DNA sequence: CGTTAATCGAGACGGTACGTCCTGTCTTCGG
DNA sequence: CCGAAGACAGGACGTACCGTCTCGATTAACG
């Protein structure tokens, strides 16, 4: 018997290891069905298994619920954080904000709509969601800080508030068409400009 | 109810008229189950019928789908548009924006989360949703116009953009905890202030 | 049996009554599959439902287990008690005993083999089984009593013992081929003759 | 036993030899579960493997089906043929016949009930069954022949018929409670006496 | 003494069937 | 004709086993 404790990282689980092929086939099945327009709540575990050529047990062995499976599938997409030109602060913000509405592949938008209630409910999904969007927030923060440093932006910004001001309108408008009057392609620019300009009159330069 | 119903002067539907009691019992059953924390997609027509002491057919006779029933149930809540003091523009905006996060009864927040995907999908739900929120938007518009007229606000505002800037952060933060750093009770004030102030520096008075 | 006989005979159960057509279709499906040679433990509720054009719930609503369904199906066959000529006691016994091995339709023999363990285990099945065979036993008793009255048979017979002596060999030989040497078509006659004659030598007429 | 023994006696199969410990553990697991009252068709290979602390493959390597495994397990019990006193033919027969109902260990009776359908179906099981009971039949034949020789029994007996007359009632009554009226402890004696005496009246010494 | 090869435990694999639950429709009855 | 009650065909759920298939680790006999 070895002296290595149970929490040995290179200790191999006994028995036949789980097949990476099956795992990928399942994920692919989910994504392909979603991108074919199957409504997410219509997705049945049975149809996923059939499409993936896999037994239902193989799915349930890995994911305890359909929701977690869908989330994993979506998370596996690994959308890249958009890169910014780095010249104009306004242009960079427009680039980042536009990206929120344009993460196109696999019906991502439709998917996110369906995930929102899940996210709102489930603690772990909130963690997962943070991992997805924090990099985007951070990219935006960098642009804002650059603007503050260069003098393009005010130095006393409530940074987190500005972040949500920029992102939330895109999300809300995209998922629930919050205001029909805003259903125009230049929404990102209008939002960025409104955020930059502010609403208050400044009689004396501030 | 007396036998002299006389709701319709000329044509009376034959047979037994639909019972308003049943209708209300169904709506109440839905609302009570929701406020007890039953997830909206877990709600089954069967359980609703049982809770309401009603046959399933009585439900299907009135609503063609569970979604419409839920929407009707929610719509029946008739939340009042908040009233504003009308003195300070900022204070009025804070009042209106705070209200978004505080429409408390019947787990309204949880409910909305679940309805968002439905709204995103279904045209009619979008119409219904507009009817609910347009009065609130209009109330906000009035405040903004008042500020523009009084000189408190800039005169060239992109009004619709400002509206979404005010409301979207509250919705996003409440439904999906978009940014943990913003989970504070004074979110409404921070948002209003950020919107009013804007982000751009104004070296030359603009 | 599954009939939930209410205390009140003319009291009608509320709701839609169970369809006799479905019930018959299910029974027929079972019998047809059995007579096509499907092994009884291979019979799946799913295949029965499919064959009968019926939902699984419609089966489970009536029978709580596959076994009870099969028993009901078999019981519905209502094999007639064979009639006897009434002249010779020996011939009548041969007729009755032969019938045990010849209840032919629907693979009845194969079926009984599979039911035996169930019968051995389940109290209610024993009751059901008694209802099936008691009429046959009674017919045999009548023949024996007739013989005792007419003097063809001894008057002090252990009637029940004679009954089992006549029937058991047929059952055992048919279900488990208890003794290959007895696998002949005239088994019934040999059994009857051996029972009638007895084994003991009678030097002095008794 | 199902293990494919090598044709060549001194040729040793290469590789690791099969473990006799595992084999015994599997048999023991089956027997213990049966004697704990687990219904034979409820026995799962998986549970047997778990109980025996053995991989499923180790079972399938030795037995191609659960039925064969159970048969092997039962066969390993090797019940002894009862010995007879050898004085009175009647007493010896009672001893032998009683033994049929009293092969007690390991729920043998319950077990046999479950095996009957298998036996009825499977050719090999019939062979195996013959090997088990033929010695008992032979013991009974010896007693009967002794009686015929000594004049205690008639000389023209249909021996095989008498054998089944003696054994079948015990089997049938024990496995399916064929006749509730016969559920008495002295069944063996009643059967033996009835067989010895016969049913026919003998007015003229025959 | 190392190679070879079948075994071992463990457990994942693609499947099939289970028995339950729900959907949306359809009968039945009494009001 | 409406109402409750509940049966109907259908279909997905999540579980349990089936018999097969990898895994790494043993365990002999052969070279």
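Taking residue C:147 as meeting all but one of (1) surrounded by fewer than 17 Cβ atoms within 10 Å (Cβ to Cβ); (2) in contact with a strand residue (DSSP E or B) (Cβ under 8 Å, 6 or more places away or on another chain), write down the number of the exception.
(1) is the only condition that residue C:147 fails.
Can you name the condition, by its number, that residue C:145 falls short on among (1) within 19 Å of residue D:179 (Cβ to Cβ); (2) in a loop (DSSP other than H, G, I, E, B)?
Exception for residue C:145: condition (2).
Do any helices (runs of 4 or more DSSP H) entirely within segment D:33-133 hold 1 or more residues that are within 16 Å of DNA strand E (Cβ to nearest atom) and within 13 Å of chain C (Cβ to nearest Cβ), and if so, which?
D:66-75
Among what's in segment D:56-75 and is under 15 Å from the mean Cα position of the chain (by Cα) and buried (at least 20 other Cβ atoms within 10 Å of the Cβ), pick the residue that is farthest from DNA strand F (Cβ to nearest atom).
Filtering first and then ranking leaves D:74.
For the subset of segment D:19-28 comprising residues that are part of a helix (DSSP H, G or I) and within 11 Å of DNA strand E (Cβ to nearest atom), which member is surrounded by the fewest Cβ atoms within 10 Å (Cβ to Cβ)?
D:20
Consider only pairs whose beta carbons are under 9 Å apart and that are at least six residues apart or on different chains; among these, list those whose first residue lies in segment C:38-51 and is within 15 Å of residue D:41 (Cβ to Cβ) and touching a residue at least 40 places away in the same chain (Cβ under 8 Å) and whose second residue is near DNA strand F (Cβ under 10 Å from one of its atoms) and part of a loop (DSSP other than H, G, I, E, B).
C:41/D:41
When the residues of segment A:181-192 are filtered to those that are more than 7 Å from chain B (Cβ to nearest Cβ) and part of a helix (DSSP H, G or I), which remaining residue is surrounded by the fewest Cβ atoms within 10 Å (Cβ to Cβ)?
A:189
Looking at residue C:138 and the list (1) exposed (fewer than 13 other Cβ atoms within 10 Å of the Cβ); (2) within 14 Å of another protein chain (Cβ to nearest Cβ); (3) under 24 Å from residue D:41 (Cβ atoms), which single condition is not satisfied?
It fails just one condition, (3).
I'm checking my understanding of the structure. Among residues of segment A:144-156 that are farther than 21 Å from residue B:193 by Cβ and within 11 Å of another protein chain (Cβ to nearest Cβ), which one is modelled with the lowest pLDDT?
A:151
Looking at residue A:47, is it in contact with a helix residue (DSSP H, G or I) (Cβ under 8 Å, 6 or more places away or on another chain) and at pLDDT 95 or above?
yes
What are the residues in segment A:36-49 that are within 9 Å of DNA strand F (Cβ to nearest atom) and farther than 12 Å from residue A:22 by Cβ, if any?
The answer is A:42, A:43, A:44, A:45, A:46, A:47.
Quick one: which of D:166, D:159 is within 22 Å of the chain's Cα centre (by Cα), modelled with pLDDT under 95 and more than 7 Å from chain C (Cβ to nearest Cβ)?
D:159
The values are calculated or read from the model by the stated rules, or taken from the named source; none is laboratory data. The model shown is predicted, which means the values in this text are computed figures rather than measured ones. Heads up, the Cβs are rebuilt from the backbone with ideal geometry, glycines too, and the neighbour counts pull from every protein chain shown.
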